[in-house]
Amino acid sequence: MPDAIAQYLDQVMRHARLAPADARAVRAELDDHLQQLAADRAADIHSPTEMLAMLNQEFGDPKEVGNSIARSKGQLRTWLKKKARRLVIAAAALVMVGLLVRATVAEAFIVGGDGIAPILTRGSRIIVYKLANSYSPQDIIAYQPVDQPGLRLLAIVKQIDPATGDLRVTRNNGVELTVPRTAIVGRVVLSTRHSTP
Amino acid sequence: MPAKSQFLKGCARTLVLQLLSERPMYGYELAAALADRSSGIFALGQGTLYPLLYSLESKKLIAVSREEEAPGSGRTRRYYRLTPAGRAELQAGLATWRDIARGMQLVLEKRYA
């Protein structure tokens, strides 16, 4: 007789399509219920066929019960629980790729000063392309001041030293300085200019 | 009789909340109480009880605690109990039921008096 209950539960759970942890908990609860029901009806049940018939009549059609349980648990919630592990791995991979791109290819910044205003003003958003290896006059670059390595400043290219790759740049309408090749972060390739009211 | 079945399902929600307002119960106990106290009217389709319980649980109208079937048995059962939100829902369900019952009674008494 326990086989008849297991067979009935297999059908219910096949239609419920729950995430593994939910499926274990629901199956254990329904099994407990059906074992008690079978014990209460033991005097009238003499074969597995009679048992299955009784379960269908008293507990319900296994397909309908399974589908109702699936709906009550929330199909989106079940889908998310089933995919949770993959979603976490995919999110972690995306974060890793994002960090890698940010460290080596391109990084977004918000301009915090007016070093090259009015071309780019405070609050503008820019993307710096870090793989740039050639520069032209009038390019906007981001660089790291030698005395303040944590800082990123913007400047406009005036001249390129072909021998060293160092750049002669200007900031604040006329202040010129030399940026060593090693201090260049990259070229500004995209910007949204922030307009102040 | 799908119409009767739908009507019973609608009532079952309030009845389950009412039974759980009296004391915490596990599934089979609840099904047996529903059948006994309704003279068998709510005895059929015990399998519909669990989707209802899971739905009430997800809406936080009832809560679950695990207790051992028998001391030392190692097997646990899920006991359902009413939450404060469930108690408010029960009051609303009872008020609705009283209105429906009164409305039905007024119309039917007039027609068949």
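Quick notes on this one:
- Highest-fluctuation residue, B:Gly86, B:Gly103, B:Gly27 considered, GNM on chain B with Cα pairs under 10 Å: B:Gly103
- Under 15 Å, Cβ to Cβ, from B:Ala85 - net charge with Lys/Arg +1 and Asp/Glu -1: +3
- Cβ charges +1 (Lys, Arg) and -1 (Asp, Glu), total dipole of segment A:1-129, debye: 1080
- Projected onto their three principal axes, the Cα atoms of segment A:1-64 cover extents of 36, 19, 17 Å, largest first.
- Along segment A:132-149 the Karplus relation, 6.51 cos²θ - 1.76 cosθ + 1.60 evaluated at θ = phi - 60°, assigns HN-Hα couplings of 4, 10, 9, 10, 10, x, 6, 5, 9, 10, 10, 9, 10, x, 4, 7, 9, x Hz to successive residues, with x for each Gly and Pro.
- Reciprocal of mean inverse Cα separation for the protein assembly as shown (Kirkwood radius, Å): 25.9
- Segment A:126-197 and segment A:77-94 have Cα centres lying 41 Å from one another.
- As a rough footprinting exposure proxy, the listed residues A:Glu107, B:Glu109 were ranked by other beta carbons within 10 Å of their own, and the order from fewest upward is B:Glu109, A:Glu107.
- Unit charges at the beta carbon, dipole of segment A:18-75: most positive-side option, A:Ala70, A:His46, A:Ala28: A:Ala70
- The angle between the Cα long axis of helix B:2-22 and the longest principal axis of the Cα atoms of chain B comes to about 50 degrees, rounded to the nearest 10.
- For the peptide B:48-58, the mean number of other protein chain Cβ atoms found within 10 angstrom of a residue's Cβ is 6.
- Neighbourhood charge, 14 Å Cβ-Cβ cut-off, centred on A:Ala106 and excluding it, Lys, Arg +1 and Asp, Glu -1: +4
- Distant-in-sequence amide H partners of B:Tyr26 (H built 1.01 Å from N, under 5 Å): B:Tyr80
- Helix A:62-73 axis, angle to chain A major axis (alpha carbon atoms, nearest 10°): 40
- The angle between the Cα long axis of helix A:48-58 and the main principal axis of chain A comes to about 70°, on a 0 to 90 degree scale.
- Candidates B:Phe42, B:Leu20, B:Leu94 compared by Cα position along the dipole of chain B: farthest toward the positive end lies B:Leu94, with charges placed on Cβ.
- The residues A:His46, A:His15, A:His33, when put in order of fewest to most other Cβ atoms within 10 Å, stand as A:His46, A:His15, A:His33.
- Chain B: most fluctuating residue of B:Glu68, B:Glu29, B:Glu57 per GNM, C-alpha cutoff 10 Å: B:Glu68
- Only Lys, Arg, Asp and Glu carry charge here, each on its Cβ (+1 for the first two, -1 for the last two); on that basis segment B:9-61 has a dipole of about 200 debye about its Cα centre.
- Report summary: the helix-based calculation at 222 nm, which adds -39500 (n - 2.57) for every DSSP H run with n ≥ 4 and divides by the residues of chain A, gives -15500 deg cm²/dmol.
- Taking every lysine pair in segment A:26-142 that is 8 or more places apart or spans two chains, those with Cα atoms closer than 29 Å amount to 7.
- Chain B: most fluctuating residue of B:Ala101, B:Ala31, B:Ala63 per GNM, C-alpha cutoff 10 Å: B:Ala101
Only the coordinates and a few stated rules stand behind these numbers; no lab work does. The structure presented is a predicted model; accordingly, all values stated were derived computationally and were not measured. Every residue, glycine as well, gets a Cβ built from its backbone with ideal geometry; the counts of neighbours run over all protein chains shown.
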